[in-house]
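The values are calculated or read from the model by the stated rules, or taken from the named source; none is laboratory data. Just so you know, these numbers come straight off a predicted model, no measurement behind them. In this analysis, Cβ positions are derived from the backbone assuming ideal geometry, glycine residues included, and neighbour counts consider all displayed protein chains.
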Amino acid sequence: MTQNSTLNLKSSLPTMNGIYSGGSPVVSQGRPGRPCANCTCSPGLLSRQNRKSSMLLRQLGGSRKRPSMRSTGSSRDSIYSSDTICQSKYVNTSERLLHLRRKMVENDLCCYIVPSEDEHQSEYVSLADQRRSFISGFTGSAGVACISRDLLNFNDNDPEGQSILSTDGRYFNQASQELDFNWSLLRQGEDTLTWPEWCVRLAIDMSEALGGKEAKIGIDPKVISYDQVVKIQKLIRDKTQDTKATVSLVPVQKNLVDEIWGYFEPVPVRDSNDLLLVNSNYTNETFQDKKQRVLNYLHEKTPNCKTFCVATLDEICWLLNLRGSDIQYNPVFYSYLLLRGDETILFTDDPYDDKIKEYFETNLIKVEPYGQIWSHLSSLATAYSKTRDPIAISSGSSWEIVRTLGDTHYRQIQSPLELFKAVKNDVEISNAHAAQVKDAVCLVQFFAWLENQLIAKEALIDEYRAATKLLEIRKTQRNFMGNSFETISSTGANAAIIHYAPPEENSAMIDPSRIYLCDSGSQFIEGTTDITRTLHFTTPSAEEIEKYTLVLKGNLALERLTFPEGTSGFNIDVIARQFLWQQGLDYRHGTGHGVGSFLNVHEGPIGIGFRPNLQSFPLESGNIITNEPGFYKDGEYGIRIENDMLVEKAEGLKFGERQFLKFKNLTLVPYCRKLINEKMLTPEEKAQINAYHNLIWHSIVPFTQPQSITYRWLKRETAQL
């Protein structure tokens, strides 16, 4: 699964129950399976009710052009049509924006910012935190909505303004479809204006038009990092320096989207599900050992800090050896945590059994209600103001945490938890291997079944049914806890949509004469997987074979790379792109992201891509990272090949005191033979593929029946080139 080169657990654990609260008026929902006229229901709600209709998706296999969210590098002006669905049929945002702007009037705002993140700065959030999706209609995982109110319009009952949605290259295609006529799309990395600049420019213009009256840009301080706030405030100072404008960024304590949500649909409620204690057989490190490592790090980096505030959910889970299921596909739970020497305070509302209660007592972990974190931080700030001892917080902590602690009572640090959990220990690595074998068995069985259904039986299989079948197969594996994200099951032109997810109703039929791309992953207690394979079931075109082979050559080259310690993913991204670049081609997403150990499928701080901040986090032995170059031709096909790789030491290689590192491919699923042009491969590349397929055969064949279609498919696909 790709992550932008910048950045779900349906498990046997308790899952979302679709609970809602609030008694505000709700608009007519229309008939099930069909969008209602001028529907104001959000796509998220429609999906929850199995009503995310896609009547035009039947046309997705057609010849009309579509844009690619992971684009080939083609023009921004490419025609977006074959996957274009009039999103105003899903959600008309006019009334929502009107209600929001009325709230902006009450708060004297000229702009209001709605990020994607929750108060823990999570990439994937619960339904209750999908505010940006609600207000804009855009359902992708990343993006920022900005809504302005014209201060020169003095009709407070009918305020006017503009609205933009800023997102990255993975979602250009999707956003262009989902945004209605009220919205403009700002393409990150392509448009010269950023969303903060858009807000500040509008605020300056309005302030100057009103003789220097203060123009306020507002945001919920819980859902934006303080780092981002500092950047925006600097931008405001720089841009207003030679003007008569007065512009300020202000915190708005009551989230304005929450204030209006209930007028349009039932407001979802965050889940609070049972906690799961992970056995030491899977972690090989106790909470006390991890805690001591953190305290040692704090003493070294911030000797005067007596308390460390942790807000990132997967960091808390890793430290405590606990998991949850409050956010779909991510085995995390809503919580904050304070480390104070021997004392550990966990703030959560999630229930837990007697075994975990005993675990808390043994490890001196005190549990407080989730919402008590704010009064606790405030009390600490007051107490520490006398001793002048700062509280350590992670870089990326919310503005509200900083505001609660006050200007002088905190110190931002790189979270040691983020660094520690990215380096897997021997047991975690061994378990990662086991998870990969399990998932490979499932994927090989699935691909063999799908080919047999489409070709031998000439069955009609749609994208959604295929994804469901894969999930059914995975459920047969022991310790399977759910998918690690929503399966991307895509045929033909849909494969050019980078983060495509097939709808349950009227999903496109898989066309065996066109490319099929499946990007999926599992959550096993042993570990997390993320694997993409691109297949063809009949006779691919020469163009498809050529482009697949170019992508494969990039994947193989990166896997073969040996590099010195201190090298970051920023430095090696070009290795995977080189063969596409030689043809004037590219892809608009990162080449790799970190993967957790039964944790989030996207795990920082490492990555392979062109984000400058990746230079600050060199790869280390023990990292698990994806290798996923791709190529996407709008309206026709998409190609991506993704493996999970382990970073390990290259024994015997040393330059001075500098050790060398290499990659080990953990994934055990064959490449598509029909799509490989052997003439484009070097002898080294052929040998690499043959060795890999030989390893797959010996690793997976023991789990197959000799007379089965799975056995025959695996034998054919792993045959030597």
Residue check for GLU505: assigned by TED's automatic domain parsing to the domain that holds THR539, among the acidic types (Asp, Glu) and not in a loop (DSSP other than H, G, I, E, B)
no
Within the bounds of the range 385-393, is there any residue that is surrounded by 15 or more Cβ atoms within 10 Å (Cβ to Cβ) and not in a strand (DSSP E or B)?
yes
For LYS469, which of the numbered conditions (1) surrounded by fewer than 18 Cβ atoms within 10 Å (Cβ to Cβ); (2) assigned to a loop (DSSP other than H, G, I, E, B); (3) not hydroxyl-bearing (Ser, Thr, Tyr) fails to hold?
(2)
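Only one residue in LEU313, LEU320, LEU275 is under 21 Å from the mean Cα position of the chain (by Cα), at pLDDT 95 or above and surrounded by 23 or more Cβ atoms within 10 Å (Cβ to Cβ), so which one is that? Full working, then the answer.
Working: LEU320 fails: under 21 Å from the mean Cα position of the chain (by Cα); LEU275 fails: under 21 Å from the mean Cα position of the chain (by Cα).
Result of the check over LEU313, LEU320, LEU275: LEU313.
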Over the range 381-403, the set of residues closer than 23 Å to ASP314 by Cα and over 29 Å from the mean Cα position of the chain (by Cα) is ILE391
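Can you pull out the strands (runs of 3 or more DSSP E) entirely within the range 323-370 that have at least 2 residues that are β-branched (Val, Ile, Thr) and over 21 Å from GLN130 (Cβ atoms)? Spell out the reasoning first.
On the way: elements: 336-340, 343-347, 365-368.
Passing ranges, in order: 343-347, 365-368.
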Are any residues in the range 398-445 within 15 Å of VAL230 (Cα to Cα) and either in a helix (DSSP H, G or I) or modelled with pLDDT of 95 or more (or both), and if so, which ones?
SER398, TRP399, GLU400, ILE401, VAL402, ARG403
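Quick check, is GLU648 acidic (Asp, Glu) and under 24 Å from HIS433 (Cα atoms)? If you could, list the steps in order and put the result at the bottom.
On the way: acidic (Asp, Glu): yes; under 24 Å from HIS433 (Cα atoms): yes.
Taking the combined requirement at face value, the residue satisfies it.
So for the range 219-235 (the condition being under 28 Å from ARG411 (Cβ atoms), of a type in the set (Lys, Arg) and crowded, with 16+ Cβ neighbours inside 10 Å), does at least one residue qualify? Full working, then the answer.
Initial filter on the range 219-235 (under 28 Å from ARG411 (Cβ atoms)): 219-235.
If we keep only those that are of a type in the set (Lys, Arg) as well, we get 222, 231, 234.
Then keep just the ones that are crowded, with 16+ Cβ neighbours inside 10 Å; that gives 222.
Within the range 219-235, one or more residues are under 28 Å from ARG411 (Cβ atoms), of a type in the set (Lys, Arg) and crowded, with 16+ Cβ neighbours inside 10 Å.
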LEU364 fails exactly one of (1) of a type in the set (A, V, I, L, M); (2) over 24 Å from ALA422 (Cα atoms); (3) surrounded by 18 or more Cβ atoms within 10 Å (Cβ to Cβ), namely (3)
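Identify all residues within the range 140-149 that are assigned to a loop (DSSP other than H, G, I, E, B) and in contact with a Cys (Cβ under 7 Å, 6 or more places away or on another chain); write none if there are none.
If we filter the range 140-149 for residues that are assigned to a loop (DSSP other than H, G, I, E, B), which is where we start, we get 140-143, 149.
Listed by number, the list holds a single entry, ARG149.
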Every residue from the range 296-324 that is under 20 Å from PRO351 (Cα atoms) and out of contact with any strand residue (DSSP E or B) (no Cβ under 8 Å at 6 or more places or on another chain):
TRP318
Report, ordered by the first and then the second residue, all pairs with beta carbons closer than 9 Å, sequence separation of six or more or different chains, a first member in the range 168-185 that is assigned by TED's automatic domain parsing to the domain that holds SER94, and a second member that is in a helix (DSSP H, G or I) and basic (Lys, Arg).
ASN182/ARG96
Pairs, first at negative phi and among the hydroxyl-bearing types (Ser, Thr, Tyr) in the range 314-332, second modelled with pLDDT of 95 or more and assigned to a loop (DSSP other than H, G, I, E, B), C-beta under 9 Å, six or more apart:
SER325/ASN273; SER325/ASP274; SER325/PRO331; SER325/VAL332; SER325/PHE333
